[in-house]
1. Any idea what the dipole of segment 344-399 comes to, in debye rounded to 20, about its Cα centre with Lys/Arg Cβ at +1 and Asp/Glu Cβ at -1?
2. Which residue, chosen from Ser312, Gly159, Pro457, occupies the Cα position most advanced towards the positive end of the dipole of the chain, where the dipole is computed from +1 (Lys, Arg) and -1 (Asp, Glu) charges on Cβ about the Cα centre?
3. Report the charge-dipole magnitude of the chain in Debye, nearest 20, computed about the Cα centre from +1 at each Lys and Arg Cβ and -1 at each Asp and Glu Cβ.
4. As a footprinting exposure proxy, order Leu59, Leu460 by other Cβ within 10 Å, with the fewest listed first.
5. What does the C-alpha gyration tensor say about the overall shape of segment 322-497? Classify as rounded when a/c is under 1.5, otherwise prolate if a/b is larger than b/c, or oblate.
6. Run through segment 190-244 and list the trypsin sites (Lys or Arg not before Pro) located in a DSSP loop whose Cβ has at most 15 other Cβ atoms within 10 Å.
7. Determine the distance separating the Cα centre of segment 23-76 from the Cα centre of segment 332-368; give it in Å without decimals.
8. Starting from 0 in steps of 10 Å, tell me what percent of the Cα-Cα pairs of the chain lands in each bin.
Amino acid sequence: MADERGSSKAPLAGFDGLRFRHWRLEARADGVIVVAIDRDGQSVNALSQDMLVELDALLERLAIDPPRGVVFRSAKATGFVAGADVREFQAFDARGTVNDALFRGQQVLQKLASLPCPTVAAIHGYCMGGGTELALACTYRVASNDASTRIGLPEVKLGIYPGWGGSVRLPRLVGAPAAMDMMLTGRALSANAARAIGLVDRVVDTGALVDAAAVLALKGTQRAPRQRALAWLTNAWPVRQLLAPMLVKQVARKAPRAHYPAPYALIETWRRAGGGIQGLLAAERKSVAKLAVTPTARNLVRVFFLQERLKSQGSGDSGIARVHVVGAGVMGGDIAAWSAYKGFEVTLSDREQRFIDGALQRAQALFEKKVKDAAKRPAVAARLRGDLAGDGAADADLVIEAIIERADAKRELYAAVEPRMRADALLTTNTSSIPLDELREHVQRQAQFAGLHYFNPVALMPLVEIVRHEAMAEETQRRLAAFCKALGKLPVPVAGTPGFLVNRVLFPYMLEAATAYAEGIPGAAIDRAAKKFGMPMGPIELIDTVGLDVAAGVAQELSPFLGLRVPAALATPPEAGKRGKKDGQGLYKWVDGKPQKPALPKDYVAPSDLEDRLILPLLNEAVAALHDGVVADADLLDAGVIFGTGFAPFRGGPIQYVRESGAQALLGRLRDLQARHGDRFAPRPGWDSPALG
C-alpha cells in the first residue's frame, strides 16, 4: 500500500509508556514521523470516539516535542478512513450526547491543525467524511493516482453535513463553489479531480505515497495565487450574501427544504459565519447537532444501515465468470451490457439479429458514458458478444432469461436451453411478476433455478430481487447474491409469489394513479401530489417510463391476485407507437426523454385526499406483503422498496413510515377512503402485526 522506506519501528523518544490500539508511530531517518491509522479489530478505518481519545493524547505528545513533520497514512488495504463510526452517532442520538461527540471531534482535529510542525495526509483508497475532515486539518494532502482513491464528504446523505470542522475548512481551502458542490451533493472526487480544485497538493504513484508526503512535509509547497485568491474572494462576507441565495435555488430543484433540511442549514451557517476558528466551529456544531436529531437524519441513517445489510448478503465467490442472456430487448440488452461493463464475459442471443444489433448499439453508449478512458473501451466492448445461435449457453456459468412476459414462452425456452447448459450452471429469469411456481414446472434442475429481477433502467437502479421458490438451493441464492455484489447491485431475497416485493407494493399505487387519471384528474396534479410526499417521480410519469405495455402486463398478472380492478388505460396493451417514453408518446408526450406535462390552471385545486389515495394503497400492500412473508422482516421490506422504487428515503421506508405515523391513524384514513371511493381501500391483513409498533 504505502512505501515505508526510511522508517524505523523502534520506540519513539517521548512516547515511552503510551500505548495506542488504533495508531502506530514510525520514525523516519529524515525526522518525519509516520502515523499509521489502524483501527483495532476492524478491516476498515472508521473514526470512533476511542480513536479520537487516543489521537488527542498522541497530538499532545507531538506538540511537546515537534518532529520535522508528521505523515498520516492508513495501515488498511481498504483505504484511508471511511468516515466517522455511524453506529456511534446512532447511540449518541439515543443518549442525547450528539453535541459532545461533535465537540470532541472538532477539538481533536483543531489540535491537529494547530500542531507546530507540518502535517500531511497520505491518501490511498476511500477517504470519506471524518477521514476527509482529518485530511483537511492537515497542512497538506497527497493522494495516490489509483482508481480506488476517492475523496468526499457524503454526510448530506445522512441528513447532516460535515461537523468536525470540514464545513469550515473546505470552503476556505478550495473556494466556496467547489466546496459547496462537494458537500451539497455528497459526491466523491478522484485524486486528479481533487487536485484540480486544490483539495489535494500532489498526486503520485501508490508506491511513492509516503515518501512524497514526507518530502512535502519537509519542503512545503505554495498554492497557486489564483487558488488562494478564489478561496479568499468567495468566502468574503459580501460574496457569501450573493452566493447563498443562488445555492439555495440550486438545491431546491432537487431537495425540498421540508424533506431535506441539511443542505439549507449548511448554506445558511456558511452565509452567516464570522469570527475566529472556535466561533466558526461552534456555529457548525450547533447546526449539525440540531440536524442529527431530526426524523430525516434518523431515517437516512437507518437507510444507510439497510443498504449495508443488503451489501453484506453478497459474500464469497459467485463462481460466475461467463453470462449468457436470452432476450435483447431493453431489459435483456441492458443487463448484458452492465454485466460486461462490470467485467463478465457475456453472450447475448435473440430470435433475430436486428434485436441483438440494437442492444449492442445501446451498450456502446453505456460504455462511452461509463468508461472515461477511451483506450480501455474496446476491451470492455469485447466482453459483450452477439450470439444469434445461442451457443454461449453451453459455456455460461449463469443464464439469464429476459424474454416476453408470458409464462408459456418462458417455459418453452427453458426446455430448449437447459439441456445445453453445464451441470453446475444457474438458470434465472428476469420476470417482473410471474410466480416462479408457474415457471419451474418443466425445469430439470430446480435447485439451480431462480428469479433475478432487475429494474429499469438497469444502469441506474441499484436493487435486484433474488426470487426464491421452495425447491431452490441456498447455495443458488448465495451465488446470485455474490454475483449481484460484483455488479455493484443490492440483492434482496423475496418469495416467488405474484409481483414479488417491489412490483406488488408499487402496483396499487400506480393503479390508483391511473384510476385518478381516468376520472379526469390531470396527470401533472397526480405527479405533483406524489412528489410532495417525497417520491422521486410521479406515478403517471412512472407508468410512461416503465411503458404502458409493461404496466398492462403486470396489471394482468397482479390484479386477480390483489383483487383490484384495472382502469382502461392499463387493461389492454397500448396502441402501437403509444407505449410511453420509449415511443415518445404515452399518457404524456415525450421530447428528448422528458415528459411534456400540460400546465395546470392557476386556480386548479387538487382533491384534498389525492395524496392519501396514492400513498395509502402502497402502505396497505406493504403491510400485507410483510404479513405474507414475501421478505424475511420489515427492514428488508423497507430496503427493497426504497432501493427498488425510490420511495422517499427520508421517511425510512413504508413500514418505518407506518410506525412513525401510527398504524391506527393510517387505518382510520384507509377506512375513510374506503367509505368514499370503494373497497379497493379496505385494510389488508397484517395491520395488527407487532412489527408495526
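1. Once rounded to the nearest 20, the dipole reads 440 debye.
2. Gly159
3. 2560 debye
4. Leu460, Leu59
5. Prolate, since a/c reaches 1.5 and a/b exceeds b/c.
6. Qualifying residues, ordered by number: Arg223.
7. So the two Cα centres are separated by 48 Å.
8. Pairs per bin, as whole percents: 3, 13, 21, 23, 20, 13, 6, 1, 0.
Values quoted throughout were computed directly from the atomic coordinates according to the rules given, and no laboratory measurement underlies them. Worth saying up front: this structure is predicted, and the values here are computed from it rather than measured. Quick reminder, even Gly has a Cβ in these numbers, built from the backbone with ideal geometry, and neighbours come from all protein chains shown.
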